[in-house]
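Colleague: Next up is a structure, given as structure tokens.
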Amino acid sequence: MVETLTRLATGIDGLDAVLKGGLVASASYIVQGPPGAGKTILANQLACNHVRDGGRVLVATLLSESHERLFQYLSTLAFFDPTLVGDPIQFVSAFDTLEQEGLDAVVRLLRQEISRQQASLLIVDGLLNARARAETALDTKKFVSELQGHAAFAGCTVLLLTSARLEEGSPEHTMVDGVIELGEQTIGSHTVRHIQLRKTRGSGALAGKHECLISEAGLQVYPRLESLYSHPSYLGSEVLKRVSTGVVALDEMLAGGLAEGSVSLLMGPSGVGKTSLGLGFLAASSPEAPGLHFGFYEPPARLRLKAASLGHDFITLEKQGALHLCWQPTTEGLLDQVGARLLAQVEAHGIKRVVIDSLGAFGRLATDPARLNGFFRALTGELRARDVSVLLTWEMRDLFGSEITAPAPDLSSIVDNLMLMRFVELESQLRRMLSILKVRDSHHDPAPHELLIGPHGITLSKAFEGARGVLSGTAVPQGGG
């Protein structure tokens, strides 16, 4: 029988997911990172959340900085409550003790304070100073070992904060149960924070670097979606059902509509009608099967106007709870933050059909483009497992031509249905064309159809019969030169 470890939840968004439930109770952890990485914020945010869960905290500083200055900084953050200081959260300075009496005296002081405070969480800020005071590596090991022993006996979890990047073979690393590393990376003109679990003894965790940010709310962690959803959280339906695209002729081309829980990609240049087709898809939403428009370029007010010009009453659908519009400007946000926001909307509203307009925006948010394939797989896999029918758009660079660019390699293995939209020049007229290139496990009509956009929505018709070169964008009547 596998034993389940008791966890101490951090209460920090995303961090508990990375830790697979939280810190191991009564274990010891190093939190390391350069100055300004967020170590103190993480520790004090955890302390406040722990007290709100009924715990008691002892914060010991081995730094020369006064507690009053620390409280000034923390007062700008929403999680900090100064009324907690003094009873459930006790601050004690051990700097003078360290300087005058050494490491043994610090251990004695903290042992007494843990007992007096009845602390279930001990935070020691300034491990680097303790290391500098140690004469040998053995002294450092002894300090950490004795501190761990006293804390574990009292049922107390330990966090040791240090601004040094300790290597895996350092005395501290070998003694503690886990190492949490905070850092940041400069990409172009902006900086991205990240968190990584470099060691988790006897406990599972989500491996790799995870993006995070610090705001007025404190530290927020966004686990990598491909790590968090390496296995979808739902099984998905085993019964094939069809959902309407919102366009009668397109449903007929698809032998009755899209498969429920499938992922479809619309590829085409700007202005060809991808968003209009997506709005028609959402117009078929209902209170029983709500829809979501998750867009990066057009705010809700503009989408409502565009939908009205196509004969769709989005305002009424929103009032009925059948439709939700979520706008995510591309000027801000982290890749996994945006993915988490999308899934949170799906969960909160019971969404069953989603339009993501467009995939190209995710690429602009990615600090590592090589991740995009795995990210899209995790995101669409989780939506598919929730029986959400997804319509994705991708803007191609060229208005005409035979070249087709894809948002990620191996895209055909990610999506179930692939539709190509192009502008076609035929007999001195510019027309819109839609062709179904792929439908997974279903019959479909692959013939190019002309797409017309009018006040009553979208209509499709076979207008290119007898012409060749339609997919290239420059059609020639059959038999023409």
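Values quoted throughout were computed directly from the atomic coordinates according to the rules given, and no laboratory measurement underlies them. Note that this is a predicted model, so its numbers are computed, not measured. Please note: Cβ atoms are built from the backbone with ideal geometry, for glycine as well, and neighbour counts cover all protein chains shown.
Colleague: What does the charge count near Lys319 come to, summing +1 for each Lys or Arg and -1 for each Asp or Glu among other residues with Cβ under 14 Å from its Cβ? Could the numbers behind the result be given before it?
Modeller: On the way: positive: Arg304; negative: Asp313, Glu318.
Local charge sum for Lys319: -1.
Colleague: Here is a follow-up. Give the angle, between 0 and 90 degrees and rounded to the nearest 10, that separates the Cα long axis of helix 137-153 from the longest principal axis of the Cα atoms of the chain.
Modeller: Taking the Cα atoms of the chain, the angle to 137-153 is about 80 degrees.
Colleague: How many Lys pairs in the chain lie less than 18 angstrom apart by Cα atoms, where the lysines are 8 or more positions apart or on different chains?
Modeller: Within the chain, the lysine pair count is 11.
Colleague: Zone of Lys241 (label point 7 Å along Cα→Cβ, backbone N under 15 Å): which residues in region 370-388?
Modeller: 384-388
Colleague: Order the peptides 31-44, 442-455 from the highest to the lowest mean number of other Cβ atoms within 10 Å of their residues. Intermediate values should be presented prior to the final figure.
Modeller: Working: 31-44: 20.1, 442-455: 15.4.
The peptides rank, most packed first, as 31-44, 442-455.
Colleague: Here is a follow-up. Under the 0.36 nm per residue contour assumption, what length would be gained going from the current alpha-carbon distance of Glu332 and Gln112 to full extension? Provide the component values of the computation, followed by the final result.
Modeller: Numbers: separation 220, 0.36 × 220 = 79.20 nm, distance 4.78 nm.
Between Glu332 and Gln112, full extension yields an extra 74.4 nm.
Colleague: Using only the alpha-carbon atoms, how far is helix 335-349 inclined from the longest principal axis of the chain? Give it as 0 to 90 degrees, nearest 10.
Modeller: That works out to roughly 70 degrees.
Colleague: On a full-extension model of 0.36 nm per residue, what is the gain between Asp13 and Arg341, subtracting their alpha-carbon distance, rounded to one decimal in nm? Please list the in-between numbers first.
Modeller: Values: separation 328, 0.36 × 328 = 118.08 nm, distance 1.24 nm.
Answer, rounded to one decimal: 116.8 nm.
Colleague: Ok, one more. Quick one: compute the contact order of region 242-477, relative version, from alpha carbon pairs under 8 angstrom and 6+ residues apart, as a percent.
Modeller: Values: 474 pairs, mean separation 61.7, N = 236.
Across region 242-477, relative contact order equals 26 percent.
Colleague: Another one. Rounded, prolate or oblate for region 247-323? Axes are the square roots of the Cα gyration tensor eigenvalues, ordered a ≥ b ≥ c, and the cut-off for rounded is a/c under 1.5.
Modeller: Working: a/c = 1.67, a/b = 1.15, b/c = 1.45.
Note, shape of region 247-323 comes out oblate.
Colleague: Right, next: With everything on Cα atoms, drop me the angle between helix 39-52 and the longest principal axis of the chain, reported from 0 to 90° to the nearest 10.
Modeller: 90
Colleague: Within a Cβ distance under 10 Å of Glu172, other residues only, what is the Lys/Arg minus Asp/Glu net charge?
Modeller: Values: positive: Arg131, Lys141; negative: Glu167.
Surrounding charge for Glu172 is +1.
Colleague: Can you tell me which of 338-350, 283-295 comes out highest on packing, and rank the rest after it, using the mean Cβ neighbours within 10 Å?
Modeller: Working: 338-350: 16.8, 283-295: 20.1.
Taking the mean over residues of other Cβ atoms within 10 Å, the ranking is 283-295, 338-350.
Colleague: So what is the relative contact order of region 7-223, in percent, for Cα pairs below 8 Å that sit 6 or more residues apart? Before the final figure, lay out each step's value.
Modeller: Numbers: 424 pairs, mean separation 67.0, N = 217.
Answer for region 7-223 is 31 percent.
Colleague: List the trypsin sites (Lys or Arg not before Pro) in region 51-152 that DSSP assigns to loop (not H, G, I, E or B) and whose Cβ has at most 10 other Cβ atoms within 10 Å. Which are they? Intermediate values should be presented prior to the final figure.
Modeller: On the way: sites: Arg52, Arg56, Arg69, Arg108, Arg111, Arg116, Arg131, Arg133, Lys141, Lys142; in loops: Arg56.
Those that pass, being in a loop and sparsely packed, number zero.
Colleague: Would you mind ranking Glu146, Glu211 so that the residue whose beta carbon has the fewest other beta carbons within 10 Å leads the list?
Modeller: With the fewest neighbours first, Glu146, Glu211 line up as Glu146, Glu211.
Colleague: Provide the per-residue ³J(HN,Hα) series for region 196-202, in order, calculated from phi with Karplus coefficients 6.51, -1.76, 1.60 and θ = phi - 60°, each as a whole number of Hz, with x at glycine and proline positions.
Modeller: Coupling constants for region 196-202: 9, 8, 7, 7, 9, 5, x Hz.
Colleague: Something else about it: Please sort 174-183, 264-273, 119-128 by packing, taking for each peptide the average over its residues of neighbouring beta carbons within 10 angstrom, highest first.
Modeller: Working: 174-183: 19.3, 264-273: 20.9, 119-128: 23.8.
Sorting 174-183, 264-273, 119-128 by mean packing, highest first, produces 119-128, 264-273, 174-183.
Colleague: Restricting to DSSP H runs of at least four residues, report the calculated mean residue ellipticity at 222 nm for the chain, -39500 (n - 2.57) per run over all residues, nearest 500 deg cm²/dmol. Write down the numbers at each step before the final one.
Modeller: Values: 17 runs with 153 residues, N = 481.
Estimated from H runs of four or more residues: -9000 deg cm²/dmol.
Colleague: How much of the DSSP beta bridge set in the chain is antiparallel, as a percent to the nearest 5?
Modeller: Working: 42 of 92 bridges.
Counting DSSP beta bridges with both partners in the chain, the antiparallel share is about 45 percent.
Colleague: So who's got an amide H within less than 5 Å of the one on Leu451, skipping anything under 5 residues away but keeping other chains? H placed 1.01 Å off N, in plane.
Modeller: Arg432, Met433, Leu434
Colleague: Viscosity 1.306 mPa s, temperature 10 °C: give me the Stokes-Einstein translational D for region 58-152 in µm²/s, with Rh taken as the Kirkwood radius over C-alpha pairs. Numbers along the way, then the final one.
Modeller: Values: Rh = 14.1 Å.
D, rounded to a whole number, is 113 µm²/s.
Colleague: Per residue, what volume in Å³ does the convex hull of the Cα atoms of the chain enclose? Spell out each step's value before the answer.
Modeller: Details: hull volume 86.2 nm³, N = 481.
Expressed per residue, the convex hull around the Cα atoms of the chain is 179 Å³.
Colleague: Next question. Suppose we keep just the DSSP beta bridges with both residues in region 242-477; what percent of those would be antiparallel, to 5?
Modeller: Working: 21 of 46 bridges.
Bridges in region 242-477 are about 45 percent antiparallel.
Colleague: Shape call for region 285-325 from the C-alpha gyration tensor, a ≥ b ≥ c root eigenvalues: rounded (a/c under 1.5), prolate (a/b greater than b/c) or oblate?
Modeller: Here region 285-325 falls in the oblate category.
Colleague: Is the shape of region 7-223 best called rounded, prolate or oblate, per the rule: a/c under 1.5 gives rounded, else a/b larger than b/c gives prolate, else oblate, with a ≥ b ≥ c the square roots of the Cα gyration tensor eigenvalues?
Modeller: On the way: a/c = 1.39, a/b = 1.22, b/c = 1.14.
It is rounded, given that a/c, with a ≥ b ≥ c, falls under 1.5.
Colleague: Using alpha-carbon positions, what is the distance between the centroids of region 65-125 and region 418-435, in Å?
Modeller: 69
Colleague: Between Gln429 and Phe71, what FRET efficiency comes out of the Förster formula 1/(1 + (r/R0)^6) with R0 = 51 Å and r the beta carbon distance, rounded to 0.05? List each step's numbers first, then the result.
Modeller: On the way: r = 72 Å, r/R0 = 1.41.
Calculated transfer efficiency: 0.10.
Colleague: Could you tell me the relative contact order of the chain? Use alpha-carbon pairs under 8 Å, at least six residues apart, and round to a whole percent.
Modeller: On the way: 959 pairs, mean separation 67.0, N = 481.
Relative contact order, the chain: 14 percent.
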